[in-house]
Every structure is written in C-alpha cells, then in structure tokens.
Amino acid sequence: MTGTPAVSLRDIRKKFGHFEVLKGVSFDAREGDVISILGSSGSGKSTMLRCINMLEAPTSGVVSINGEAIAMKTRYGVSCPANPRQIDRIRSEVATVFQSFNLWSHMTILQNIIEAPVYVQKRPKGECIAEAEALLEKVGVVDKRGAYPSELSGGQQQRVAIARALAQKPKVLLFDEPTSALDPELVGEVLTVMRGLANEGRTMLVVTHEMGFAREVSDRILFLHKGQIEVDGRPDEIFTKGVNAHFDQFTSRVH
C-alpha cells in the first residue's frame, strides 16, 4: 500500500527498570485501518498503545503520526518527549478510550464532552454543544446529557467516553481494552458503537480480548507475545490452526 501511515512504529523498545516489556516492535497503520491487538496479559499490548500517545515514553525507537516523527531526548538518563507542544498537537490527533472510562464525576455528560473542545481547542461553545449532542445521539445516550457519570451504567459511560474521544475530531482512535471493565451483558452495546465507527472508515487500533469483534471488524490482527509481534495478518489468514503455536494457545484459552 502507498501513502503516509497514520501511525508508524519503528523498533520500539520499552523498559521498566531492568524488565524489557517491548522488544523492538515495528508496524504501520494506514488511514482507515482497523487493527485489533491481541495477546496475553503482560505481553505488552497496552504499553505499546500508550507509547503511541506518549503516555509512556519508549526507551528507544521512533513513533510517527501521519508522517511526523515524535522528537525524543534523554533527560537524567531517561528517554522523554523533547517538545511538549508537539505532544499536545499529536494528542489532539490521537484520541484514546480507556477501559476505566475516565469521565469527570463532578461534570454532567454534556460537560464532559465539551470540556476539551471549548477549553483546549478554543472552539465556540455553542458549536461544541451542538456537536456533543449529535455525538451522544450517535452512541445512543443523548437522553443522558444532563446526568452525571455515576447515574449511568458502565456500558453507557463507555459510550460517553467514545463520544468524548470523537469530539476531538481525531485522525486516529486508540482503544485500550474498552470492554474489559464491563459486565458481560453490557459489552455488546459498546462493540456495536465500535463496529459503526469501523464501518465509517475510521483509523482504529484496538487492544481487545473480544475474538468475535477481532474476526469480524478488523482489517488486520497483531498478536503480541512477550513484547514482540509474532503474528501480523488478516483475520482470515491467522485464525487458522498451525499459523503460530503461541497464537493457537492464546485463542484456545480465550474461547
């Protein structure tokens, strides 16, 4: 494929003390790609995602967003971003949905969504409110716009978190196990919203254990094992016994 990748990782390594969590991870995500990232607990999935938006600074390697490499420096022997303004700009283009929702409990649902567009992006409040209500309609909770997070179910809160991410108008959406904190009966409503976003052609990187979602929606699957990408391919290619022993063991446990 041609064109500048929406996300590019080159030889990303990440150490916590002497323990190396990521051991030279490289891949490209093109615009419109939906990539599911699979792997056992401790394989490095979430750390890799956090390196993309610099919530974790890679120990070494290069992260590029839409062709722009994130500048790094070493401070007191530790790698860190060199330009805070660049990081702020990159994060405005890369929105993250976490497993724990991270909604502000003292704000209404509507206030949660317009906070960043109004006060960070400096956009007109009336415009932001109209867009927020449209996004809440999109994820099916517009009737909760005046409620507080504690008044919503986990599934409703996660759908609000997705709407809040979309309010940034991001070029890339990162999902870090967005259904893992939900009761089983609430998982489906969140996956339905995510399927809709994928059908819109949005660029999405999804850390998940939802095998059905990964099979049906993903353009590609990345399987991490002990800090390395062991499998990278289309769902129809890799969900076949014998492709990779570690992947076969993982899918047999998850199913």
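The values are calculated or read from the model by the stated rules, or taken from the named source; none is laboratory data. Keep in mind it's a predicted model, so treat the numbers as computed, not measured. Cβ atoms come from the backbone with ideal geometry, glycine included; neighbour counts cover every protein chain shown. Ligands, DNA and RNA are excluded from the accessible area calculation, which covers all protein heavy atoms including side chains. Shrake-Rupley method; radii C 1.70, N 1.55, O 1.52, S 1.80 Å.
For the options Val243, Val141, Val160, a Gaussian network treatment of the chain with springs between C-alpha atoms closer than 10 Å singles out Val243 as fluctuating the most. Centroid-to-centroid, using Cα positions, the stretch 208-231 and the stretch 144-194 are 21 Å apart. Around the Cα centre of the stretch 115-173, unit charges on the Cβ atoms of Lys, Arg, Asp and Glu (plus for the first two, minus for the last two) sum to a dipole of about 260 debye.
Run the numbers on the chain and let me know its relative contact order in percent, using alpha-carbon pairs under 8 Å that are six or more apart.
Details: 469 pairs, mean separation 65.2, N = 255.
After rounding, I find 26 percent.
Packing-based ranking of 150-157, 121-128 yields 150-157, 121-128, ordered from highest to lowest mean Cβ neighbour count within 10 Å.
Calculate the dipole size of the stretch 65-168 relative to its Cα centre from +1 charges on Lys and Arg beta carbons and -1 charges on Asp and Glu beta carbons; express the result in debye to the nearest 20.
Details: 13 positive and 10 negative charges, 79 e Å.
Result for the stretch 65-168 is approximately 380 debye, rounded to the nearest 20.
Positive end of the dipole of the chain (Cβ unit charges, origin at the Cα centre): among Gln99, Asn83, Gly126, the Cα lying farthest that way belongs to Asn83.
So, with a 1.4 angstrom probe, what is the percent of accessible area on the stretch 166-231 that is carbon and sulfur? Don't skip to the answer; put the middle values down first.
Details: 1110 of 2580 Å².
Exposed carbon and sulfur together represent 43 percent of the surface.
Could you work out [θ]222 nm for the chain from helices alone, using -39500 (n - 2.57) per DSSP H run of at least four and dividing by all its residues? Round to the nearest 500 deg cm²/dmol. Theoretical 222 nm ellipticity from helices: -11000 deg cm²/dmol.
The shape of the stretch 159-210 comes out prolate: with a ≥ b ≥ c from the C-alpha gyration tensor, a/c is at least 1.5 and a/b beats b/c. Measuring between their Cα centroids, the stretch 75-102 and the stretch 110-130 lie 21 Å from each other. Scanning the chain for DSSP H helices at least 15 Å long along the axis (C-alpha atoms) with a Kyte-Doolittle mean no lower than 0.0 picks out 109-119, 125-139, 184-199. Distant-in-sequence amide contacts of Asp33, defined by a placed amide H-H separation under 5 Å and a gap of 5 or more residues or a different chain, comprise Met204. Treating only the Cα positions of the stretch 3-84 as identical point scatterers, give the base-10 log of I(q)/I(0) from the Debye formula at each q in 0.16, 0.17, 0.22 Å⁻¹. Evaluating at q = 0.16, 0.17, 0.22 Å⁻¹ gives log10 I(q)/I(0) of -0.60, -0.67, -1.08. Taking 29 Å as the limit for the C-alpha separation, the pairs Lys15/Lys122; Lys15/Lys169; Lys122/Lys171; Lys23/Lys241 exceed it in the case of Lys15/Lys122; Lys15/Lys169.
Structural descriptor for the stretch 59-211: relative contact order 25 percent, calculated from alpha carbon pairs under 8 angstrom and at least 6 residues apart. Taking a ≥ b ≥ c as the square roots of the eigenvalues of the alpha-carbon gyration tensor, the stretch 99-211 is classed oblate because a/c is 1.5 or more while a/b is no larger than b/c.
Name the residue, out of Arg220, Arg159, Arg85, whose mean-square fluctuation peaks in a Gaussian network model built on the chain with Cα pairs under 10 Å. For the chain, modelled as a Gaussian network with Cα springs under 10 Å, the answer is Arg85. Computed from point charges on the beta carbon alone (+1 for Lys and Arg, -1 for Asp and Glu), the dipole magnitude for the chain about its Cα centre is near 900 Debye. In this structure, the amide hydrogen of Phe175, modeled 1.01 Å from its nitrogen in the peptide plane, lies closer than 5 angstrom to those of Val97, Leu205, Val206, Val207, counting only residues at least 5 positions away or on a different chain.
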